[in-house]
Amino acid sequence: MFVSPAERAAETAAWILRGAGQPLPPEHAVIPGLAGQDASGGSPEGMAAGVRALLDQVPDGGIGLAISHTPLVERAAAGLVGGTVEPMRECEGLLITRGDDGTITVDELRLPANA
């Protein structure tokens, strides 16, 4: 689990874990880059580099959860896919997958328009 230094990101992580009946894992990391606090100042390319570095920390076959907030999520996606990502609403996010060949795919997880 990776969270930005924003208090609201930690709160989001805590609620997700509570909902799953799980305690905060003893091994979790606060990642300044998830708050745009990196050498690039939170550019799409810098955010994408940060996400790639996080993917490198997830064991083969494992699942990682990174919690950040808009507009940083959209910037990271734009850096990964080389295009624009529309702003996220509450409870929306991205599924980022790295294939066996190292390719990265980004799927937008959106709520129905009437939700």
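The values are calculated or read from the model by the stated rules, or taken from the named source; none is laboratory data. None of these values were measured; they are calculated from a predicted model. Ideal geometry is used to build each Cβ from the backbone, glycine not excepted, and the neighbour counts take in all protein chains shown. Keep in mind that these areas ignore ligands, DNA and RNA; they rest on the heavy atoms of the full protein, side chains included. Shrake-Rupley method; radii C 1.70, N 1.55, O 1.52, S 1.80 Å.
Restricted to segment 19-57, and to residues there that are out of contact with any helix residue (DSSP H, G or I) (no Cβ under 7 Å at 6 or more places or on another chain) and within 15 Å of LEU94 (Cβ to Cβ), the residue that is most open to solvent (accessible area, probe 1.4 Å) is ARG52. Note on segment 16-44: residues that are over 28 Å from GLY79 (Cα atoms), part of a helix (DSSP H, G or I) and of a type in the set (A, V, I, L, M, F, W, C) total 1. Counting only residues that are aliphatic (A, V, I, L, M) and in a loop (DSSP other than H, G, I, E, B), which one in segment 1-15 is most open to solvent (accessible area, probe 1.4 Å)? Across segment 1-15, the extreme among qualifying residues is MET1.
Restrict the check to segment 85-101 and report whether at least one residue is assigned to a helix (DSSP H, G or I) and either open to solvent by 90 Å² or more (accessible area, probe 1.4 Å) or closer than 20 Å to GLU7 by Cβ (or both). It would help to see each step written out before you state the result.
Restricting attention to segment 85-101, the residues satisfying the condition of being assigned to a helix (DSSP H, G or I) are none.
No, segment 85-101 has no match at all.
Looking only at segment 59-77, count how many residues are without any contact (Cβ under 8 Å) to a residue 24 or more places away in the chain and either in a loop (DSSP other than H, G, I, E, B) or loosely packed, with under 14 Cβ neighbours inside 10 Å (or both). Here the count works out to 7.
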